[in-house]
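This report refers to the structure that appears directly beneath it.
Throughout, read-outs are computed from the coordinates displayed, never taken from laboratory work. On a predicted model such as this, the values are computed, not experimentally measured, just so you know. Counting neighbours? That spans all protein chains shown, and the Cβs are built from the backbone with ideal geometry, glycine included.
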């Protein structure tokens, strides 16, 4: 067993699954006791879990144990090493897929419309995140999964541009440093914003 890195002195449990983003390997001790990772002082230098070098806080992405350089290198290596599908689709498989879609098209469309009607807010959330990811991918910027609930709690329902409260679920995700200016799609570079404020800000750093 290993001790929690927050300094509480408690022993950490063994990881039940591998999670590279959180720095966990199945069967190995976790770095923190559940909920204690928030106790770490993010204002001091810490070591990278991949290269082992001590780096300043701004050289790490939010909630990642490895430094930015190691993260980008790993992503680049993963993209370069992507293997094609081991079992490519044959013409027969494509025909079967098209026939199945044609038979069940109306029912599938009805199911989709029903889900969208019952989950209007979830649909808006998915659309916002997908649009931001598409733009970041097009500009070849770093992409990190955005936790919408965590973002709402962090910004406390206020627009990051004008500072006024958001009236409801109608808001935009604004990149503080625009993607077109080299900004990344990460939790540290996004904020909630009124649609009008975000449109007026455009590709500027501020209004």
Exercise for the section: Please order 173, 126 by the number of other Cβ within 10 Å, starting at the fewest. Expected result: 126, 173
Practice task
Would you order 174, 111 from fewest to most other beta-carbon atoms within 10 Å of each residue's own beta-carbon?
Solution key: 111, 174
Exercise for the section: Would you mind classifying the range 120-201 by shape? Square roots of the alpha carbon gyration tensor eigenvalues, ordered a ≥ b ≥ c; an a/c under 1.5 is rounded, otherwise it is prolate if a/b is larger than b/c and oblate if not. Expected result: prolate
Problem - Sequence of 166, 205, 72 once ranked by neighbouring C-beta atoms within 10 Å, starting from the fewest - result: 205, 72, 166
Exercise for the section: May I have the pair-distance distribution P(r) for the range 88-148, computed from all Cα-Cα distances with 10 Å bins from 0 and rounded to whole percent? Expected result: 18, 25, 29, 28, 0
Handout entry: Theoretical gain in end-to-end length, residue 196 to residue 58 [0.36 nm per residue, Cα-Cα removed]
Key = 46.6 nm
